[in-house]
Amino acid sequence: MNDRIAVRGQRKGTDMIPKGPVPGRTIFSHANKMTQAYHIMLAPLCKETGLPPLALDILLFLANDPEHNTAKDICRMRGHKSGIVSVHVERLVNDGLLERREMPGDRRQTRLVCTEQAQALIERGRQVQWQFGRRLLEGIPEEDLATMRRCLERMDGNLNGICKEKR
């Protein structure tokens, strides 16, 4: 176990990350923990509005990325199953927070558009997202953040390359 940063018995957060490439299980564990923490921070707003965290997350996704405005986009970009997205979209439509609109030139496709009624909730959700980002990066020096941004850009390019490969 010489490739580990921490000594046995001193397991904390990232202490057990190997010095070499990070194993997939570590990356997925952090991704899951990030989603969990994000939903914890959304919880007060969800409780107040009666919306489940995923429904609010879908609404904010559509507001923040209006060019990706179909249920298929949500599934592809957020990794959610179509059935669960459908349930939450239906709820958001019924609550008057989303509208379905036919795509020009293709009646089979439906765009999802945030309503005027949703705007105050979207603004409050964005404030929670901003606070989450600040909390996530708390205590990290700007120099390290710049390095992290460069690494994430490179990782994004690598992921794009992997996704374009033939399966």
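Where a number appears in this text, it was derived from the coordinates with a stated rule and is not lab data. In this text the structure is predicted, and so the values were computed from the model without any measurement. Every residue, glycine as well, gets a Cβ built from its backbone with ideal geometry; the counts of neighbours run over all protein chains shown.
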Looking at the range 26-96, which chymotrypsin sites (Phe, Trp or Tyr not before Pro) are in a loop (DSSP not H, G, I, E or B) and have at most 15 other Cβ atoms within 10 Å?
none
Using alpha-carbon positions, the gyration tensor of the range 32-167 gives root eigenvalues a ≥ b ≥ c; with a/c under 1.5 called rounded, otherwise prolate if a/b exceeds b/c, else oblate, the class is oblate
Listed with the fewest Cβ neighbours within 10 Å leading, Cys151, Cys114, Cys75 appear as Cys151, Cys75, Cys114
Ordered by fewest other Cβ atoms within 10 Å, a rough proxy for footprinting exposure, Arg78, Arg150 read Arg150, Arg78
